[in-house]
Amino acid sequence: MAGHAVERGADQQAARRDRDLDAIGRISEADARKVLLVLCDGDERVRGAALGVYGTMSKTDVCVRCNLKFDQDNNSAEACCYHTGTFELDESLEFWEEVDDYDGGGNPFYQRDSAEVRTDCPEGFRWTCCDRVGDVAGCRKGRHEGRRHHQPRPSPPALAKMRT
């Protein structure tokens, strides 16, 4: 009987931990940063643990050029393949001759130059940087460029405001 009570207590504890971690996972990045700063400001052990975990994490980001995830510590000079131009509608392409997108009165069923059509029909668009058609690999290579989220460290008065 006592064994079942211990098991039930462990199950409840695990369920609570899972709920808590799920709630923490839903915290916005800005609020998570505030919570971390408040916790680290108040406890040297927490601060050391946070820095230790951060030191072992891979520094991933999303490239603004190619939209792929990358590790900032492994970002070679030719890691990113991207276009420098824009992806523009080219109605002179043979692709559009085969598409029946007008009604009998010459009115279009949809807007050709739209984000949805660019995704669904890339062969109707051309890159201005290299004149290539469609969803093709980039024409330039370079390092990935991350979406920088650098925010200055709040001053101690700002930390105090976060606690309220």
Starting from residues that are exposed (fewer than 12 other Cβ atoms within 10 Å of the Cβ) and at pLDDT below 90, keep the ones in the stretch 70-90 and report whichever is nearest to Y54 (Cα to Cα).
D73
Which condition number does V46 fail, the rest of (1) farther than 30 Å from D135 by Cα; (2) in the same structural domain as R132 (by TED's automatic domain parsing); (3) not charged (D, E, K, R) being met?
(2)
Only one of E94, E98, E44 is under 30 Å from R112 (Cβ atoms), at pLDDT 90 or above, out of contact with any strand residue (DSSP E or B) (no Cβ under 8 Å at 6 or more places or on another chain) and not β-branched (V, I, T); which?
E94
Being more than 26 Å from Q111 (Cα to Cα) and part of a loop (DSSP other than H, G, I, E, B) is the filter here, so list the residues in the stretch 66-94 that pass it.
L68, Q72, D73, N74, N75, S76, A77, E78, A79
Scan of the stretch 46-69 for residues that are in contact (Cβ under 8 Å) with a residue 24 or more places away in the chain and either loosely packed, with under 10 Cβ neighbours inside 10 Å or over 10 Å from the mean Cα position of the chain (by Cα) (or both), ordered by number
R65, C66
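For the condition over 22 Å from C139 (Cα atoms) and assigned to a helix (DSSP H, G or I), what is the one hit in V99, V53?
V53
The values are calculated or read from the model by the stated rules, or taken from the named source; none is laboratory data. Bear in mind that the values here come from a model prediction, so they are computed numbers and not experimental data. Using ideal geometry, Cβ is built from the backbone for each residue, glycine included, and neighbour counts are taken over all protein chains shown.
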